[in-house]
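Accompanying notes for the structure given below.
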Amino acid sequence: MAPTVDYTATSDSAFTNSLEHAYFSSDKPTFFTNIGCPFAQRANLTLLEGNIPFHRVEIDLQNKPKWYNSEVNPRSKVPAFRDLGDEEILIESAILSEYLAEKYATSLIPATPKLRYLGRLLADVQSSAPPIYQLLKIKSDTPEGLAEENAVKAKLLASIKEFTAVLAQGSVEGPFFLGKNVTLPDLITIPILTRTVWLYEYFFGDKLVPDTPEFARFWTWFNALTERPSFKQSFPGVEKLAEGVIKRGFGYVRPGAEKKRQAAVPQAQPAAFAAA
Ligand SMILES: N[C@@H](CCC(=O)N[C@@H](CS)C(=O)NCC(=O)O)C(=O)O
């Protein structure tokens with residue numbers, strides 16, 4: 001199946017899609033992505049926050065075009081990026097985002113070695129936490145399953161506590177990691193944390209991270225980033241993500257969650273794109 005290609009800028013109207021080969025724009029960098037992928041969203045946020053023009057090629061991960069492996073990314077994953085004036089394809093979301101900021105949007109890079117260190121620490125804390133999918137798929141209808149579920153929940157919450165402490169080291173007030181301006185560590189960490197927080201609410205019906213003073217800095221950060229146009233534009237909506245999780249057997253809605261969810265969760269994020 002051909003990838004869906006959307007035109008993120010009007011000047012792409014001359015584009016014609018090729019079923020046989022990968023399309024590379026000749027007047028903008030080409031970004032191969034998928035709206036549901038948190039790793040791709042890191043780079044997508046960096047492109048948007050850095051005001052970097054790009055041509056977007058949406059890859060259907062369930063039905064990847066044949067050329068994707070051979071002509072774009074031999075690892076067969078999104079994101080991938082081809083810069084203008086360079087035939088080489090750049091991969092790996094965190095490294096790619098750093099490249100994009102260094103080349104096109106240096107204001108996104110924390111200003112001092114100490115702040116860059118803290119930013120990398122923030123990203124490390126986030127990526128050392130168990131993936132939310134590990135929790136969602138545990139069958140908790142046996143005492144062992146329930147114990148396992150509780151252990152993973154505790155690990156996730158402990159990691160968010162640690163994350164909150166590093167946020168406060170960056171800036172006590174925020175709202176962003178380093179204060180009033182968004183920087184790369186915000187963009188690298190928010191995609192996976194939104195999956196963790198919102199999918200937890202969706203599948204369990206209650207909150208992983210309580211609304212208490214202990215987590216106030218976390219919520220300030222989380223709300224400030226998810227309200228930005230860049231986030232809304234690069235996120236498919238919680239329902240779409242949850243649908244994908246259920247369809248692929250990565251998790252199931254816990255009994256009673258739906259009722260609790262309707263009371264506890266104000267609204268899922270609006271879908272940014274029709275197709276996820
Ligand atoms: N370490 C990679 C991970 C990227 C990744 O796992 N992408 C997933 C989608 S979220 C993917 O393309 N999966 C396709 C596949 O494995 O077939 C990065 O940070 O860029």
- Once TYR117, TYR252 are ranked on solvent-accessible area with the largest value leading and a 1.4 Å probe, the list reads TYR117, TYR252
- Task: Return one whole number: the accessible area per residue of the chain in Å², for a 1.4 Å probe.
- Result: 49
- Note on the structure: Relative to the compact-globule estimate 2.2 N^0.38 Å (N residues), the Cα gyration radius of region 213-253 stands at a ratio of 1.53
- Task: Working from Cα positions, state the angle (0 to 90°, nearest 10) between the long axis of helix 113-128 and the longest principal axis of the chain.
- Result: 70
- Task: Return the single residue from GLU87, GLU58, GLU49 with maximal mean-square fluctuation; model: Gaussian network over the chain, springs between Cα atoms under 10 Å.
- Result: GLU87
- In degrees, nearest ten, helix 38-49 long axis to first principal axis of the chain (Cα): 60
- Message: Two decimals, Cα atoms only, Kirkwood Rh: what is Rg/Rh over the chain?
- Response: 0.98
- Item | lysines whose Cα lies under 25 Å from that of LYS161, excluding same-chain neighbours fewer than 8 positions away | LYS114, LYS137, LYS153, LYS180, LYS207, LYS260
- Task: Enter the accessible area of GLU239 (Å², nearest 10), with the probe set to 1.4 Å and all protein chains included.
- Result: 90
- Item | In Å², nearest 10: area of HIS21 left accessible to a 1.4 Å probe | 100
- Item | Magnitude of the charge dipole, region 141-184, Cβ model with Lys/Arg +1 and Asp/Glu -1, debye to 20 | 340
- Starting from the residue with the highest accessible area, list ASP83, ASP60 in decreasing order, probe 1.4 Å. ASP60, ASP83
- Take the chain, connect every pair of alpha-carbon atoms lying under 10 Å apart with a spring to form a Gaussian network, then pick out the residue of THR196, THR33, THR106 with the largest mean-square fluctuation. THR106
- Note on the structure: In the chain the DSSP beta bridges are antiparallel at a rate, in percent to nearest 5, of 70
- Which Cα, out of LEU208, VAL182, ALA158, lies furthest along the positive dipole direction of region 110-264 (beta carbon charges, K/R +1, D/E -1)? VAL182
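For region 110-264, what is one quarter of the convex hull surface built on the Cα atoms, given in nm²?
Result: 9.3 nm².
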- Query: To the nearest Å, what is the center-to-center distance of region 151-192 and region 213-254, using C-alpha atoms only?
  - Reply: 15
- Query: When the chain is treated as a GNM, springs tying every alpha-carbon pair under 10 Å, which of ARG195, ARG42, ARG75 comes out with the largest mean-square fluctuation?
  - Reply: ARG75
- Task: Collect residues whose amide H, placed 1.01 Å from N in the peptide plane, falls under 5 Å from the amide H of HIS55; neighbours closer than 5 in sequence don't count.
- Result: THR30, PHE31
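The values are calculated or read from the model by the stated rules, or taken from the named source; none is laboratory data. Every value quoted in this text rests on a predicted model; they were computed, and no experiment measured them. Note that each Cβ is placed from the backbone with ideal geometry, even for glycine, and that neighbours are counted across all protein chains shown. We work out accessible area using only protein heavy atoms, side chains counted, and drop any ligands, DNA or RNA first. Shrake-Rupley method; radii C 1.70, N 1.55, O 1.52, S 1.80 Å.
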